[in-house]
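*Asks:* Supplied in structure tokens, the structure appears directly below.
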Amino acid sequence: MPDSAAEQPPVIRRQEVVAIALVGLLVIAVTAVLYVAKAFFLPVVAAFVVGTMLSPAAGFLERYKIPRAVGSVVIVLGVTALGVFIVGLISTPMIEWSGRLPELSARFKDKMHYFDRPLALWHELQSMLGSSDPLASLQLPKVEWVQPALEFLSPTFAEFLLFFATLVMFIASWKDLRRALIMTFGDRTSRLRTLRILNEIEVHLGDYLITVTLINAGVGIATGLVCAAAGMPNPAGLGALAATLNYLPYIGPVAMFAVLVAVGIVALPTLSAAMVAPLAFMAITFLEGHFITPTIIGRRLALNALAVLLALAFWTWLWGPMGGFLSSPLLIVALILKEHLMPVDSPQLPGD
């Protein structure tokens, strides 16, 4: 009979607690540095991620005898022109509507009679609880409020300059950077592992950019057609806004639905007409989120919905809207690194 009173080793050793504590402190320190030095790290990290996505295009141009440095400039200029075109589609109606905010606010208040019955019940509930009614002072934001919001959402000129300069140089020198990073390691096994990691990151990020861009373009076109059929003003701008916001998982579609509801209530005569475009957009995003995107992207790299949500919340809190855009690519990079650097042994679970 074994001695049951013998001292058993602890389940969690002291060294493991110290190691976990050190890793936690390292994560906190890195997060603090990324938050404080956002003006430097955000454009640099964004350039690295976007450059990795666009580097296959530079390789494609290089096969047609176009020097990589020239190809990187052409690619960046092309992407910038496309971005300027989309911003122009979105900003034109925004500038027009921002100058008519008092008029739109009055029209919005006039059409609030659609919600008279729900508001009456809300007023009764507020009176029973003895609290003030925040809906009584409902107003659309004024121009003085819009300007600080645009300043928050828009990076500074220095950040733009650092991003584009880093992006062009990164794409132009990506092959040399790959070679230098691989040759940093001395043994052949580490070099092969690094090569596989870099190749997989480049392929997955490139596929992610192309696939998500095509899907979002389809969502934007479908939204523009629905808005045109529903009689919404400026359907092209609303479609471009839908395609742009769809790069932000969860947050983008919700914000676009709210925009369509507000625009419909202000611009269309009846509530039923105003809800046609938002409900159709909800159906489009439901099909895209539950069937199209999982079918196309899920086969290549499965992303857990909870992990995507937490990554979106973390990077948006850390770096704002651009962090939300980078959340999914950074999650893909983290999963690839985990798969290669921390392989799972897949132990057998005990039976019931």
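*Asks:* Could you sort the peptides 182-192, 283-293 by per-residue average Cβ neighbour count (10 Å cutoff), highest mean leading? Intermediate results must be reported in sequence, preceding the final value.
*Replies:* Numbers: 182-192: 10.9, 283-293: 15.1.
So the peptides 182-192, 283-293, ranked by packing, come out 283-293, 182-192.
*Asks:* Also: Compute the length gained on full extension between Val261 and Thr80: take 0.36 nm times their separation in residues and subtract their Cα-Cα distance, giving the result in nm to one decimal.
*Replies:* On the way: separation 181, 0.36 × 181 = 65.16 nm, distance 3.06 nm.
Taking Val261 through Thr80 to full extension adds about 62.1 nm, to one decimal.
*Asks:* To the nearest 10 square angstrom, how much accessible area does Val44 have with a 1.4 angstrom probe?
*Replies:* Answer for Val44: close to 20 Å² accessible.
*Asks:* Tell me the per residue accessible area of the range 150-246 using a 1.4 Å probe; a whole number in Å² is fine. Each step should come with its number before you reach the end.
*Replies:* Numbers: 5220 Å² over 97 residues.
Accessible area per residue, the range 150-246: 54 Å².
*Asks:* Here is a follow-up. Can you pull the Rg over Rh of the range 26-66, Cα-only, Kirkwood?
*Replies:* 1.29
*Asks:* Now for a separate question. Ignoring ligands, DNA and RNA, what percent of the 1.4 Å accessible area of the range 176-302 is carbon and sulfur?
*Replies:* Answer for the range 176-302: carbon and sulfur cover 73 percent of the accessible area.
The values are calculated or read from the model by the stated rules, or taken from the named source; none is laboratory data. Small disclaimer: the values here were computed from a predicted structure and weren't measured. Every residue, glycine among them, receives a Cβ derived from its backbone with ideal geometry; neighbour counts consider all protein chains shown. For accessibility, only protein heavy atoms count, side chains too; no ligands or nucleic acids. Shrake-Rupley method; radii C 1.70, N 1.55, O 1.52, S 1.80 Å.
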